[in-house]
Amino acid sequence: MTDKERAILCFQTLPNLKTTHCSLTETTHHREPLWRNAQFSCRIRSDGSNGSFSNFASVSMAENKKDKGNEFAPSTAQLLKHPLAILAFVPRDAAIFAAGAVAGAAAKTVTAPLDRIKLLMQIHGVRAGKESAKKAIGFIEAILMIGREEGIKGYWKGNLPQVIRIIPYSAVQLFAYETYKNMFKGKDGELSVIGRLAAGACAGMTSTFVTYPLDVLRLRLAVEPGYRTMSEIALTMLREEGVASFYYGLGPSLLGIAPYIAVNFCIFDLVKKSLPEKYQQKTQSSLLTAVVSAAVATLTCYPLDTVRRQMQMKGTPYKSVLDAIPGIVQRDGVIGLYRGFVPNALKTLPNSSIRLTTFDIVKRLIAASEKEFQRIVEENRQKQSQVANK
């Protein structure tokens, strides 16, 4: 503790000091002002004697650092001149939420046609429902089928509920990841590889559980004919299949998303951390790192995504993950677990890359805005100090 930080106790006679019953005077449980009955006691260490002073009064004053900071806050003219500082007024969590929502919605819209093709390839065998029907369709065939049967709009069918879903999904996932990383830090304040994997897994499961019903609605709207709106299909599911239908396939979804997000986020963080300082701040580095991490995670976890989609379908013959995996292999072979992998990879890589890169950019912008804000505050403080010293 420095000399400037030490507390100083002073005794001083104040002439003509009168008592007051001001409303700001704190009272005891007897509704009497403290100054009437309060006493001050002290121990004199040199000889061990005690002393007391009756009718003792005390006034304490403390500097409000927040108000002090507001005194030097940037003016409107300064904010217009340095617009980056405006971001410092936005709460950090709100900024991350907004960035994640916009990035996720944009990424989903751009890659919606590939997602629709992937879904059609994944569930075509179950949808056909007959042994005589063709069990699988190819990538080009799926593209032509959607265009022929539904036109251009068909490639974006079901995108609205997916965009609506991605807003809370991105916000919850990114916020939860940062929260879990702080929870899993060791005593030395460092986050181990296991801790990063655990944080990613928990974040993925948390966001999936919160938004899962919207994912089921999106799937039903995309692949089942006769429905035009989310509300229509939601009421039908509730009436015919009950509330549990909104969580069909939740188990494999959690099992699929946990390792995917864990591997994706962990690799992204570790690779970025291992890069030289000058490359860590570059957007190109974030984008390339996000592509690599998404590719590894997708290749590792895709079979569970296929299982999840087939279990979500109405009339699915599979009751559990252990039942679905051998069933799919028996019906379509091992390659059946990777049906739709190519369009999914083409969709996932830019999708995940955009989200992670945007998140990384926003965090850097937030840090830069806070630094810019503090620079202006310090500049104003110095100017006022110079004026006071004149």
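The values are calculated or read from the model by the stated rules, or taken from the named source; none is laboratory data. On a predicted model such as this, the values are computed, not experimentally measured, just so you know. Every residue, glycine among them, receives a Cβ derived from its backbone with ideal geometry; neighbour counts consider all protein chains shown. Quick note on the areas: whole protein, heavy atoms, side chains included, nothing else; ligands and nucleic acids left out. Shrake-Rupley method; radii C 1.70, N 1.55, O 1.52, S 1.80 Å.
Of the numbered criteria (1) buried (at least 19 other Cβ atoms within 10 Å of the Cβ); (2) not polar (S, T, N, Q); (3) not in a helix (DSSP H, G or I), the one E190 fails is (1). Against the conditions (1) surrounded by fewer than 22 Cβ atoms within 10 Å (Cβ to Cβ); (2) at pLDDT 85 or above, Q173 satisfies every one except (1).
Residues being in contact (Cβ under 8 Å) with a residue 40 or more places away in the chain and surrounded by fewer than 17 Cβ atoms within 10 Å (Cβ to Cβ): count how many of those fall in region 260-286. Steps first, answer last, please.
We begin by selecting, within region 260-286, every residue in contact (Cβ under 8 Å) with a residue 40 or more places away in the chain; these are 260-266, 268-270, 272, 281, 283, 286.
With the extra rule that they be surrounded by fewer than 17 Cβ atoms within 10 Å (Cβ to Cβ), the set shrinks to 270, 281, 283.
Of the residues in region 260-286, 3 are in contact (Cβ under 8 Å) with a residue 40 or more places away in the chain and surrounded by fewer than 17 Cβ atoms within 10 Å (Cβ to Cβ).
With the structure loaded, tell me whether S385 is open to solvent by less than 80 Å² (accessible area, probe 1.4 Å), free of Cβ contacts under 8 Å to residues at least 24 places away in the same chain and part of a helix (DSSP H, G or I) or whether it fails that test. When the stated conditions are applied, S385 passes them. Inspect region 192-210 for any residue being among the β-branched types (V, I, T), within 28 Å of I325 (Cβ to Cβ), in contact with a Pro (Cβ under 9 Å, 6 or more places away or on another chain) and modelled with pLDDT of 80 or more and give the result as yes or no. Yes, region 192-210 contains at least one residue that is among the β-branched types (V, I, T), within 28 Å of I325 (Cβ to Cβ), in contact with a Pro (Cβ under 9 Å, 6 or more places away or on another chain) and modelled with pLDDT of 80 or more. Within region 181-208, residues that are over 22 Å from G256 (Cβ atoms) sit with their Cβ atoms under 6 Å from residues that are open to solvent by 70 Å² or more (accessible area, probe 1.4 Å) and of a type in the set (D, E, K, R), at 6+ positions apart or across chains, in these pairs: L191/K185.
Keeping to region 197-249, report how many residues are part of a loop (DSSP other than H, G, I, E, B), within 30 Å of the chain's Cα centre (by Cα) and not polar (S, T, N, Q).
Just the residues of region 197-249 that are part of a loop (DSSP other than H, G, I, E, B), to begin with: 224-229, 241-242, 248-249.
Checking the rest, the ones that are also within 30 Å of the chain's Cα centre (by Cα) come to 229, 248-249.
Keeping just the survivors that are not polar (S, T, N, Q) gives 248-249.
Total satisfying the criteria: 2.
Out of P303, P350, P326, which single residue is assigned to a helix (DSSP H, G or I), over 17 Å from C266 (Cα atoms), touching a residue at least 60 places away in the same chain (Cβ under 8 Å) and open to solvent by 20 Å² or more (accessible area, probe 1.4 Å)? Result: P350 is the single residue among P303, P350, P326 that is assigned to a helix (DSSP H, G or I), over 17 Å from C266 (Cα atoms), touching a residue at least 60 places away in the same chain (Cβ under 8 Å) and open to solvent by 20 Å² or more (accessible area, probe 1.4 Å).
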